[in-house]
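> My structure is below; once you've seen it, I'll send some questions.
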Amino acid sequence: MKVEDFISGTWRQQYQYKSFLPTLVNQPWNWDDPTINVLLEQATKALGELNAFSLIVPDVDLFLKMHVLKEAQTSSRIEGTQTGIDEVLLPEEQIEPSRRGDWREVHNYIDAMNDAVDALVSLPLSNRLLRQTHTTLMRGVRGEHKQPGEFRTSQNWIGGSNISDAVFIPPHHTDLPDLMSDLEAFWHNSAITVPHLIRIAISHYQFETIHPFLDGNGRIGRLLITLYLISHGFLAKPSLYLSDFFERNRTNYYDALMRARTANDLQHWIRFFLNGVAETAAKARDTFQQILQLRTEVEQKIMGLGARSVNAQRMLHVLYRYPVIRASAIEQELELSQPTVGGLLRKFQDLGILEELTGGMRYRLYAFREYIRLF
């Protein structure tokens with residue numbers, strides 16, 4: 001199908017409302033729009049540079065943890081969760097009781113993302129994997145009773161307090177098996193020559209239009225982008241997340257999706273998506289460069305600690321994994337005594353590496369603030 005000739009779908013009468021049945025996407029796609037070609041080239045180049053950078057950065061998995069935390073916080077914020085990045089890094093007992101629900105939602109997203117990436121080692125990208133990921137996402141939080149891990153068996157809607165004033169009504173639940181099977185086949189169809197960044201742009205649009213779950217569709221749909229790129233070899237590490245771009249351009253994001261549905265303007269959505277990939281990949285690459293620069297500066301500072309420098313280097317390694325941490329946790333991680341860790345923490349504060357957050361004498365929390373600011 002030519003992108004310019006795209007017909008998004010049809011409206012079907014369902015009792016007192018009309019649901020939208022989207023066009024199947026598992027077919028060849030081509031286009032005449034030269035802007036798409038230019039944006040595709042830019043996005044592919046930026047993605048390749050990011051992937052190469054993630055392969056040469058020493059201890060890259062330490063830094064990817066913060067990428068995951070930032071993605072979880074931002075993707076959840078799009079859905080109305082109000083947890084800030086500093087709060088995400090805190091232990092649950094440090095969170096005000098009224099805000100712990102939001103905190104758990106973000107940490108469920110982190111768990112869901114990590115589990116899904118790990119699962120790709122042995123499982124292909126599939127509807128089964130998305131359902132497993134959804135189970136983790138909904139565990140013990142708002143939405144836990146909305147069929148976690150299952151495609152919906154009732155009608156949902158987008159916007160409005162009820163279906164009668166909804167902004168958009170996704171397909172009827174009886175259409176989901178065919179729609180989701182078609183989408184899964186599109187991910188793996190080697191008989192069609194569609195660039196993968198175009199496929200995932202179309203796939204994200206289609207997933208959000210189908211809205212196969214009763215809750216959590218936005219977060220799973222955004223996670224799908226990263227999982228697709230990893231499963232098809234574009235990323236060796238989970239280093240690209242588009243939620244920050246979508247959140248900063250939230251109105252344009254939702255408008256582009258809706259414009260494809262209501263005005264058949266899929267090419268506008270594809271251009272928006274490719275621009276997001278290029279911008280986000282470049283930003284992630286720059287963050288890696290800033291991390292390397294920060295690490296060099298911090299290591300130069302701790303070289304002057306003499307005999308303590310070996311343990312200081314070990315503690316720095318822990319701080320990249322846990323940039324907000326208690327002294328007791330460092331003691332356990334490094335198997336060092338309380339006086340030894342206490343001395344190192346004081347030195348790190350004197351050097352401007354760590355900031356003490358709590359101001360108390362006991363159960364103090366320390367933040368690696370300059371590192372956190374990079375995200």
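Just so it is clear, none of the values below were taken in a lab; they were calculated from the coordinates. Nothing here was measured: the structure is a model prediction, and the numbers come from that model. Counting neighbours? That spans all protein chains shown, and the Cβs are built from the backbone with ideal geometry, glycine included.
> Whole-Hz ³J(HN,Hα) for each residue in segment 221-238, computed from phi via Karplus 6.51 cos²θ - 1.76 cosθ + 1.60 with θ = phi - 60°, x for glycine and proline: what do you get?
Computed from phi, the couplings for segment 221-238 are x, 6, 5, 3, 4, 5, 4, 4, 5, 5, 5, 9, x, 7, 10, 7, 10, x Hz.
> Relative to the longest principal axis of the C-alpha atoms of the chain, give the angle of the C-alpha long axis of helix 34-56, reported between 0 and 90° and rounded to the nearest 10°.
So the inclination is approximately 30 degrees.
> For segment 119-226, what is the largest minus smallest coordinate of the Cα atoms on each principal axis, given in angstrom and ordered from greatest to least?
Per principal axis, max minus min of the Cα coordinates gives 42, 29, 22 Å.
> Between 0 and 90 degrees, rounded to the nearest ten: what's the tilt of helix 309-321 against the longest Cα principal axis of the chain?
Taking the Cα atoms of the chain, the angle to 309-321 is about 20 degrees.
> Let me ask something else about it. Given a 10 angstrom Cα cut-off, can you work out which residue in Tyr253, Tyr363, Tyr228 is the most mobile in a GNM of the chain?
In this elastic network of the chain, the residue with the biggest mean-square fluctuation among Tyr253, Tyr363, Tyr228 is Tyr363.
> On alpha carbon coordinates alone, what is the Rg over Rh value for the chain, Rh being the Kirkwood radius?
So for the chain, dividing Rg by the Kirkwood Rh gives 1.02.
> Taking the beta-carbon count within 10 Å as an exposure proxy, list Tyr109, Tyr17, Tyr241 from fewest neighbours to most.
Ranking Tyr109, Tyr17, Tyr241 by Cβ neighbours within 10 Å, fewest first, gives Tyr17, Tyr241, Tyr109.
> Please determine, in degrees from 0 to 90 and to the nearest 10, the orientation of helix 196-210 with respect to the longest principal axis defined by the Cα atoms of the chain, where the helix direction is its Cα long axis.
Result, in degrees: 70.
> Hey, any idea what the orientation-averaged projected area of the convex hull of segment 263-315's Cα atoms comes to, in nm²?
Result: a mean projected hull area of 4.9 nm².
> Sticking with this structure for a sec: Out of residues 5 or more away from Gln14 or on other chains, whose amide H comes under 5 Å of its own, with H placed 1.01 Å from N in the peptide plane?
HN-HN under 5 Å from Gln14: Ser19.
> Using a Gaussian network model of the chain whose springs link C-alpha atoms within less than 10 Å, name the residue from Glu49, Glu297, Glu247 with the highest mean-square fluctuation.
Glu297
> From the gyration tensor of the Cα coordinates in segment 250-375, what semi-axes in whole Å does the equivalent ellipsoid have, largest first, with each one equal to sqrt(5λ)?
Over the Cα atoms of segment 250-375, the semi-axes work out to 44, 17, 11 Å.
> Rounded to the nearest 500 deg cm²/dmol, what is the calculated helix-only ellipticity per residue at 222 nm for the chain, with -39500 (n - 2.57) per DSSP H run of length n ≥ 4?
It comes out at -19000 deg cm²/dmol, rounded to the nearest 500.
> Which entries in the list Lys18/Lys146; Lys2/Lys45; Lys45/Lys65; Lys70/Lys301; Lys45/Lys70; Lys146/Lys283 go over 31 Å, if you measure between the two C-alpha atoms of each?
Too far apart for the 31 Å limit: Lys146/Lys283.
> Oh, and also: How high is the relative contact order of the chain, given as a whole-number percent (alpha carbon pairs under 8 Å, six or more residues apart)?
For the chain, the relative contact order is 22 percent.
> Taking H placed 1.01 Å from N in the peptide plane, check which residues at least 5 places from Phe168 or on another chain put their amide H under 5 Å from its amide H.
Correct list: Ile158.
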